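A.B. asks: Here it is, the structure in full.
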Amino acid sequence: MKPKTEEFLNLLLWSADLLARPTFRNLTNSYESWAYRNGLMRQVTTLEQQQLLERDASSPDDRLYRLSAQGRLHVLGGRDPEERWARPWDGQWRLVLFDVPTGQNSQREKLRRYLRDKGFGYVQNSVWITPDPLTEERQILGGGKINVESLLLLEARPCAGESDTEIVAGAWDFERINRRYARHLKILGERPGGALRNDATAKALLRWAATEREAWLEAVTNDPLLPGRILPSDYLGQPAWRRRVEVLRDASRQLRTFKPE
């Protein structure tokens, strides 16, 4: 997706007081009028076709657009943090163990990349762990015979006194994850303040919005978003999310102060 389209979706996400069902309407009003003149509205048709935006299909002339559930998820980075943190955990760890021959390096790296992208943590390069059921992985592997000497899926509990806290600390680099959230929190604190009196102040807010989104995505896409009960005590993801909601709510109000030149 083009950067300008991403920017438009991001603005749409926080163009209302809440991050739930934001809307973009009445193109004759202040900020929306400026956005229209700057070409953002050309994205609407494409986004509607991609099912990232939606409106009342029974009213062809309706100009009230909403982010669809799919669109909101896309802007948040592909996962809803609150939903992920709130999910239940049955106390079972799932492990993926593999020993792909060195002659199949590309396959081994492909598997590691898949597991990393899915938020698995690694105890060793060939031992990966997650608190979530391996439903998708079983479906992927279910069509063929599994060689247990090369790949093994397990559900387990530690039996030598290891705590879940120790497992989390060993499998995921939360020090690095927290550094990314700390950077994002710093950027949240740099939002340009005051009313948007002209194009220059509006563009300054847009530049900040692009920087904020980049920092958020860098943090959240590298975060496993573990269930709340096993998150580290010093984890910055939840404070960063709460602060983001507050700052973007303030920014949405700031948009309403814009007076086009």
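A.B. asks: What do you reckon, is Arg112 charged (D, E, K, R), touching a residue at least 60 places away in the same chain (Cβ under 8 Å) and either part of a loop (DSSP other than H, G, I, E, B) or buried (at least 16 other Cβ atoms within 10 Å of the Cβ) (or both)?
C.D. replies: The answer is no for Arg112.
A.B. asks: Can I ask one more? Can you tell me which residue in segment 215-249 is surrounded by the fewest Cβ atoms within 10 Å (Cβ to Cβ), limited to those that are among the hydrophobic types (A, V, I, L, M, F, W, C) and over 16 Å from Glu175 (Cα atoms)?
C.D. replies: Filtering first and then ranking leaves Val245.
A.B. asks: Identify, from the list Arg63, Arg79, the residue that is at pLDDT 70 or above, of a type in the set (Lys, Arg) and part of a loop (DSSP other than H, G, I, E, B).
C.D. replies: Arg79
A.B. asks: I need every pair where a residue in segment 186-206 that is within 23 Å of Trp216 (Cα to Cα) has its Cβ under 6 Å from the Cβ of a residue that is assigned to a loop (DSSP other than H, G, I, E, B), sequence separation at least 6 or different chains.
C.D. replies: What qualifies is Ala202/Leu196; Ala202/Phe258; Ala204/Pro192; Leu205/Pro192.
A.B. asks: Any residue in segment 164-179 that is under 13 Å from Ala219 (Cβ atoms) sitting within a Cβ distance under 6 Å of a residue that is among the acidic types (Asp, Glu)? List the pairs, counting only those 6 or more apart or interchain.
C.D. replies: The qualifying pairs are Ile177/Asp223.
A.B. asks: What do you reckon, is Ile167 buried (at least 17 other Cβ atoms within 10 Å of the Cβ), in contact with a strand residue (DSSP E or B) (Cβ under 8 Å, 6 or more places away or on another chain) and either in a helix (DSSP H, G or I) or in the same structural domain as Ile129 (by TED's automatic domain parsing) (or both)?
C.D. replies: yes
A.B. asks: Give the residues of segment 184-202 that are surrounded by 14 or more Cβ atoms within 10 Å (Cβ to Cβ) and assigned to a helix (DSSP H, G or I), sorted by residue number.
C.D. replies: His184, Leu185, Ile187, Leu188, Asp199, Thr201, Ala202 - these are the residues of segment 184-202 that are surrounded by 14 or more Cβ atoms within 10 Å (Cβ to Cβ) and assigned to a helix (DSSP H, G or I).
The values are calculated or read from the model by the stated rules, or taken from the named source; none is laboratory data. Quick caveat, the model's predicted, so the values are computed rather than measured. FYI the Cβ positions are ideal-geometry reconstructions off the backbone, even for glycines, and counts take in every protein chain you see.
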